[in-house]
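Comments concern the structure below.
The values are calculated or read from the model by the stated rules, or taken from the named source; none is laboratory data. As the structure is a computational prediction, the values presented were derived from the model and not from experiment. Positions of Cβ are backbone-derived with ideal geometry, glycine not excepted, and every protein chain shown enters the neighbour counts. Areas reflect the complete protein model, heavy atoms only, side chains present, ligands, DNA and RNA absent. Shrake-Rupley method; radii C 1.70, N 1.55, O 1.52, S 1.80 Å.
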Amino acid sequence: MTATLTGPRSDETTPSGRHPSTIIARQVGREAVRSGLLWGLAFGVFIVLQTSAYTSQYKTPVARAGLARAYGTNLGLNALLGQAKAINTVGGWVEWRFLGILSILGSVWGLLTSSRLLRGEEGAGRFDLLLVGQTTRGRATIQSLTGLAVGVMAMFVPILVGTIIVGHGASVGLHLGQSLALSAALISGSVMFLTIGSLTSQLVRTRERAAAFAGTLFAVAFALRMVADTVAGAHWLIWLSPLGWIEESHPLTGHDLSPLWIVLDMTIITSVATWRLAQIRDVGAAVFSGSDTSAPHLRLLGNPVTLAIRLARSTIGGWLLSVAAFVILIGATAESATADRSGSSGIGQALGRLGAYGSSVADYLGLTMLMVALIVAMIAATQMTAIRREEADGHLEVLLVRPLRRSSWLAGRVALSVLILVVTGVVGGLGTWIGAASQNAGISLGALILAGFNVVPPAIVLLGLGAMTYGLWPRKTGVVVYGYLAWSFLIEMAGGLRKVSHWLLNSSVFFHMTPAPATNPNWTSATIMIGLGAVGIFFGGFSFLRRDLQTDAGEMS
Amino acid sequence: MPIPAIRTRGLTKRYRDFVALDDLDLQVEAGEVFGYLGPNGAGKTTTIRLLLGLARPTSGKAEIFDRDCHRQTVEAHRRLAFVPAESGLWPSLTGEETLHILGRVQGGVDLAYRSELIERFELDPTKKVRAYSKGNRQKVLLIAALMTRPDLLVLDEPTSGLDPIMEEAFRHSVREARDRGQTIFLSSHILGEVEALCDRVAILRAGRMVEVGTLAQLRHLSALTIEATFNGPAPDLTQVPGVTRVVVEESRVHLQLQGPIAPLIEALASTDLQGLLSREPSLEELFLAIYESPIDFAQGHVSTAVAANEGNRP
Ligand SMILES: Nc1ncnc2c1ncn2[C@@H]1O[C@H](COP(=O)(O)OP(=O)(O)OP(=O)(O)O)[C@@H](O)[C@H]1O
Ligand SMILES: [Mg+2]
């Protein structure tokens with residue numbers, strides 16, 4: 001089966017006088033540029049501010065050597081951002097820190113953006129119109145990929161500007177070629193996961209599943225890199241992880257950019273595969289579509305909440321599985337990762353937030369649970385955007401024209417989201433325990449289950465923020481929740497520098513969560529966070545009851 | 001006095017400074033089949049969204065069987081079912097599964113009638129919604145609304161995408177509902193459907209209701225087309241009260257007449273009349289005239305048709 005729609009009629013133009021054959025490229029491009037530019041600017045500013053904070057705080061080689069000793073042996077930082085090797089030079093520090101942070105954020109941005117723009121738009125039927133008689137599926141996919149590429153360029157430019165500004169600083173001194181290489185390495189996570197998200201968008205039917213599928217691949221890549229960077233003798237594993245290639249590229253301190261060529265090859269292969277798969281499937285369908293007819297399965301079709309479970313079960317299952325796989329792997333390697341490092345990070349305390357994680361198994365698992373907290377908060381963000389999309393796609397209307405209260409619907413939907421968050425947290429704790437117990441790490445099940453509960457409150461805050469936005473400005477729900485999540489993550493990463501004001505640190509929701517099991521959960525701040533979330537949910541719900549329902553054909557977030 | 005199925009008082013909806021619906025006073029009696037017409041963008045869907053409590057009125061109020069559409073939404077919804085113009089159904093559920101969940105949320109499904117409807121509309125309920133054509137998705141929505149036999153059916157362009165056979169099945173179902181005493185509020189662009197089904201119609205333009213009444217009354221309100229033939233040259237009829245658009249072709253005159261016919265008959269009596277043809281406008285002509293004519297908002301009606309909306313309700 002190949003593309004069978006009417007071939008392109010390039011002589012036709014739209015009323016605006018443009019070629020219809022580029023409509024998809026322009027539409028995807030416009031959205032991707034908007035988002036890419038925004039994030040590129042945020043990253044660019046982050047790079048400039050962080051570097052100037054570093055160079056003003058650690059002025060002398062001695063100070064930098066001290067930092068390198070502390071960071072180089074800090075297991076948590078190595079696990080999260082990659083091995084800190086040559087960070088006694090500004091170049092080494094810049095490279096390690098920003099590659100580590102941007103490869104995570106950029107990859108997540110990439111997979112969310114491509115699944116949203118490709119699968120989300122197609123799922124909403126907006127490509128059908130565009131495809132009728134004007135282009136083929138293969139071409140439409142090339143157009144989509146082109147649009148995404150333009151979005152990456154929009155992200156690349158402000159990052160490049162940021163690295164050039166940084167490079168001009170007296171103590172850094174990068175020439176243009178180095179700035180270019182660094183910027184290319186910095187966006188390579190975004191590039192790879194944009195294409196991976198495009199590929200999974202061909203494989204499964206919904207945007208949520210495409211994102212979850214690509215997210216699982218990301219989790220595996222991350223876990224592999226983490227093990228490679230922390231477990232003695234396992235460093236070769238780094239070459240199995242796309243995130244590892246980025247780490248190994250060393251655009252400023254190395255002499256060999258060949259790992260970036262692997263990234264490029266991977267991107268090309270994924271793009272070609274995407275294009276091929278698009279040709280062998282129908283518009284609106286997917287490679288793994290399942291049948292279009294089925295005997296009725298009436299389970300979970302009793303009320304709107306169970307319906308939501310039924311519709312999202314495979315996506316939720318995917319999240320839970322990848323969390324479980326991630327923590328079991330990390331738990332199982334915790335012992336060997338921390339074996340010969342105890343006590344090596346004495347001055348970590350002084351270095352702020354991430355530095356505060358020491359090198360005991362408990363500290364290491366505390367860091368693991370911080371990552372679970374990030375994932376759980378991410379799930380909270382996807383839940384809120386899913387709630388908004390039910391309204392945007394008109395599904396909610398179908399329910400609410402029947403005798404169903406808006407308040408019951410929203411309460412049920414939010415309660416379900418909370419349940420998913422709690423289950424994910426507990427699975428995170430339980431999985432860590434299973435992994436750790438297999439190595440006799442000596443952390444009790446109870447402590448890890450509690451640590452699992454401990455990661456939920458930040459996600460509840462995000463849920464509350466999302467609910468508030470949903471009530472007041474429903475179309476901004478996605479932007480606000482993902483924006484705040486990314487903000488918190490950046491603040492969390494920036495926290496290692498003393499210059500960061502306390503006020504800024506406080507604005508990150510994760511700052512208020514203690515790193516259990518490394519320390520005891522702080523139930524007071526947990527309660528406050530839950531309270532804040534509840535207030536947000538309450539007021540958001542209140543506004544929702546009083547506004548018009550807003551379905552939307554043009555919504556893209 | 002029986003409770004009206006729908007009653008609105010000064011119902012108004014603004015989007016920023018755009019008035020989508022302006023001061024609507026509408027009453028639909030229980031048991032009526034009521035047509036709701038108007039050109040694109042007139043405010044029909046807006047009215048329905050206000051009636052269903054999906055949107056908040058800027059001012060005024062609406063009631064369904066005496067229940068406030070906004071404050072007592074659930075009570076109002078217990079007695080109505082709605083068919084939208086576009087489906088927001090879940091793509092991954094089959095027709096059968098969709099009907100099941102919608103039935104559970106609505107309550108009171110007549111299962112035997114449901115099977116009958118599935119057969120009547122020739123729906124294959126094992127297919128997933130994503131695999132249905134537009135018309136088939138519309139059938140699912142229609143069956144879901146009809147199967148609970150609600151007191152009021154609110155239908156917004158319910159037959160878009162249906163083929164002529166299914167259109168007939170739809171009309172049959174509406175008549176069946178009316179015969180059981182159910183009320184039907186039908187917004188439609190298909191005039192044949194309106195003519196065949198509706199007891200009364202209201203016509204909306206640019207957010208304002210410009211006409212309401214039975215089709216016979218509307219016809220009566222509008223101009224009669226008259227063609228008179230004379231033995232010899234045609235007389236001047238332009239001064240006769242109610243006569244407009246006079247076109248003279250040698251011994252033949254075409255004209256439009258509004259209001260009472262007596263003055264014209266009187267004027268013709270003294271002429272050498274050979275033949276006289278008069279016909280009512282077709283429904284299409286009637287609606288085109290109302291849809292296209294300039295609106296005189298001060299008088300609250302369109303200028304081709306004579307006023308007197310008041311007192312037209314049966
Ligand atoms: N959410 C909204 N925001 C702004 N304007 C709106 C909104 N909803 C409707 N309108 C405007 O209100 C007017 C009435 O729209 P409505 O959908 O009620 O028309 P309609 O009579 O149903 O037309 P059609 O026959 O095309 O379905 C239109 O001009 C439309 O653009
Ligand atoms: Mg409409």
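Rounded to the nearest 500, the helix-only mean residue ellipticity at 222 nm of chain A stands at -23000 deg cm²/dmol, with each DSSP H run of n ≥ 4 adding -39,500 (n - 2.57). What residues in region A:290-338 lose 20 Å² or more of accessible surface when the other protein chains are added to their chain alone (1.4 Å probe)? Checking the loss per residue gives A:291, A:292, A:293, A:294, A:296, A:298, A:301, A:302, A:307, A:310, A:311.
Across every direction, the projection of the convex hull enclosing the Cα atoms of region B:1-120 has a mean area of 9.5 nm². Full extension of the chain between residue B:59 and residue B:251 yields a length gain of 63.4 nm, computed as 0.36 nm times the residue separation minus the alpha carbon distance.
Simple spin-label estimate for residue A:519 and residue A:545 gives 4.0 nm between the two label positions (7 Å along the Cα-to-Cβ direction from each Cα). On association of chains A and B, roughly 3200 Å² of accessible area becomes buried (total for both chains; probe 1.4 Å). Summed over qualifying helices (DSSP H, 4 residues or more, each -39500 (n - 2.57)) and divided by its residue number, chain B shows a 222 nm mean residue ellipticity of -9000 deg cm²/dmol. Using the Cβ-Cβ distance between residue B:126 and residue A:299 with R0 set to 22 Å, the FRET efficiency from 1/(1 + (r/R0)^6) comes to roughly 0.85. Remark: spin-label model distance residue A:26-residue A:476 equals 2.9 nm, labels positioned 7 Å along the Cα→Cβ axis. Comparing B:10, A:65, B:212 along the charge dipole axis of the protein assembly as shown, the residue lying farthest to the positive side is A:65, per the Cβ-charge model.
Comparing A:421, A:399, A:331 along the charge dipole axis of the protein assembly as shown, the residue lying farthest to the positive side is A:331, per the Cβ-charge model.
Backbone geometry of region B:223-239 corresponds, through the Karplus equation with coefficients 6.51, -1.76 and 1.60 at θ = phi - 60°, to 3J(HN,Hα) couplings of 5, 8, 8, 10, 10, 10, 10, 10, 7, x, x, 6, x, 7, 9, 5, 8 Hz, x marking Gly and Pro. The alpha-carbon of residue A:59 sits under 27 angstrom from the alpha-carbons of these lysines, leaving out residues fewer than 8 places away in its chain: A:85, A:499. Electrostatic tally near residue A:467: other residues with Cβ closer than 11 Å to its Cβ, Lys and Arg +1, Asp and Glu -1, net +2. When the alpha-carbon atoms of region A:22-286 are used, the pair Rg, Dmax equals 19.5, 68 angstrom. In a fully extended conformation the segment linking residue B:199 and residue B:171 would gain 8.7 nm over its present Cα-Cα distance, using 0.36 nm per residue. Just check region B:30-70 against the gyration tensor rule for me: Cα atoms, a ≥ b ≥ c as the square roots of the eigenvalues, rounded for a/c under 1.5, and otherwise prolate or oblate depending on whether a/b exceeds b/c. Since a/c reaches 1.5 but b/c is at least a/b, the shape of region B:30-70 is classed as oblate. Work out the length of the dipole vector of region A:365-490 about its Cα centre, built from +1 on the beta-carbon of each Lys and Arg and -1 on the beta-carbon of each Asp and Glu, and round it to the nearest 20 debye. That gives region A:365-490 a dipole magnitude of about 300 debye. What do you get for trypsin sites (Lys or Arg not before Pro) in region B:22-91 restricted to DSSP loop and a cutoff of at most 13 other Cβ within 10 Å of the site's Cβ? Passing sites in region B:22-91 are B:71. Above 53 Å lies some portion of the pair distances; for the protein assembly as shown, what is it as a whole percent of all C-alpha pairs? So the portion of pairs separated by more than 53 Å is 29 percent.
When Rg and the Kirkwood radius Rh are both evaluated on Cα atoms of region A:299-557, their ratio Rg/Rh stands at 1.02. Which one of B:58, B:140, B:20 is farthest out on the positive end of the charge dipole of region B:6-213, using unit charges on Cβ (Lys, Arg +1; Asp, Glu -1) and the Cα centre as origin? Farthest towards the positive pole: B:58. Taking a ≥ b ≥ c as the square roots of the eigenvalues of the alpha-carbon gyration tensor, region A:218-269 is classed oblate because a/c is 1.5 or more while a/b is no larger than b/c. The loop-placed trypsin sites (Lys or Arg not before Pro) in region B:145-185, going by DSSP, that have at most 16 neighbouring Cβ atoms within 10 Å of their Cβ come out as B:180. Straight-line cross-link reach from residue B:44 at under 22 Å between alpha-carbon atoms covers these lysines, not counting any fewer than eight positions away in the same chain: B:13, B:61, B:134, B:139. Annotation: extensible slack from residue A:527 through residue A:65 equals 162.2 nm (criterion: 0.36 nm per residue apart, minus Cα-Cα distance). Long hydrophobic helices in chain B, taken as whole DSSP H segments with a C-alpha length of 24 Å or more on their own axis and mean Kyte-Doolittle hydropathy at least 0.0, are absent. Shown is the FRET efficiency for residue B:30 and residue B:258, computed with R0 = 41 Å from the Cβ-Cβ distance and rounded to the nearest 0.05: 0.75.
Note on residue B:269 and residue A:535: their simple-model spin labels are 8.7 nm apart, each label 7 Å out from Cα toward Cβ. In this structure the amide hydrogen of residue B:21, modeled in the peptide plane, comes within under 5 Å of the amide hydrogens of B:13, none closer than 5 places in sequence on its chain. Rounded to the nearest 20 debye, the dipole size of the protein assembly as shown about its Cα centre is 3080 debye, using +1 on the Cβ of Lys and Arg and -1 on the Cβ of Asp and Glu.
Pairs of C-alpha atoms in region B:1-69 farther apart than 16 Å represent 45 percent of all such pairs. Report the equivalent ellipsoid semi-axes for chain B in whole Å, largest first, defined as the square roots of five times the eigenvalues of the gyration tensor built from alpha carbon atoms. Taking √(5λ) for each eigenvalue gives 44, 23, 16 Å, largest first.
Over all other residues within a Cβ to Cβ distance under 13 Å of residue B:166, the charged ones net out to -1, with Lys and Arg as +1 and Asp and Glu as -1. Mean-square fluctuations from a GNM of chain B, with a 10 angstrom spring cutoff on Cα atoms, peak among B:159, B:238, B:214 at B:238. Once backbone amide H atoms are built at 1.01 Å from N, residue B:6 has B:28, B:65 as its partners under 5 Å, excluding neighbours fewer than 5 places away on the same chain. Charge dipole of region A:22-286 (Cα centre as origin; +1 on each Lys and Arg Cβ, -1 on each Asp and Glu Cβ, all else neutral): 380 debye, rounded to the nearest 20.
Hey, how many Å between the Cα centroid of region A:201-232 and the Cα centroid of region B:179-208? Answer, in whole Å: 55.
The residues of region A:22-286 have, on average, 35 Å² of accessible surface per residue, using a 1.4 Å probe with all protein chains present.
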